[in-house]
Amino acid sequence: MYSDAADNKSDLSTRVNSARLVDYVGKHVRLACKALQVDGDRITVEASDGGQVTVLVLKNEPIESTFLEIIGRVIDPTTVQMLACMNMGSDLDMKLVNDTIELIHDPRFYTTMFC
């Protein structure tokens, strides 16, 4: 069962920062971010690379932390439709998160370690 899931890469949700969203339009991603402003059914967040992203929030989804990991579908290069949200607390090293994301996407490692 595990190998079947690994073979179907379209079901994976890759960790991204705001600069990488353009490559994932229409796909599922994980976006570690800091909540900046909640406005009804939208949240403006700061991604690990400092870019701002609009997140379309699920109805009644509790946003209880400063730092979040949004699992969602990329609508366009600046907008993500939330499918799930993990509250990550009030202290997250965003530089470390961004460095990890860049390693994940580094061509030297991407196909051998992360796919």
Odd one out for S65 among (1) within 13 Å of the chain's Cα centre (by Cα); (2) free of Cβ contacts under 8 Å to residues at least 40 places away in the same chain; (3) part of a loop (DSSP other than H, G, I, E, B): (1)
Options D106, D99: the member that is within 14 Å of L31 (Cα to Cα), without any contact (Cβ under 8 Å) to a residue 12 or more places away in the chain and of a type outside the set (V, I, T): D99
Count of the range 102-115 residues which are at pLDDT 80 or above and out of contact with any helix residue (DSSP H, G or I) (no Cβ under 7 Å at 6 or more places or on another chain): 4
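The values are calculated or read from the model by the stated rules, or taken from the named source; none is laboratory data. Owing to the predicted nature of the structure, the values given are computational and were not obtained by experimental measurement. Cβ coordinates were reconstructed from backbone atoms using ideal geometry, including for glycine residues, and neighbour counts include every protein chain displayed.
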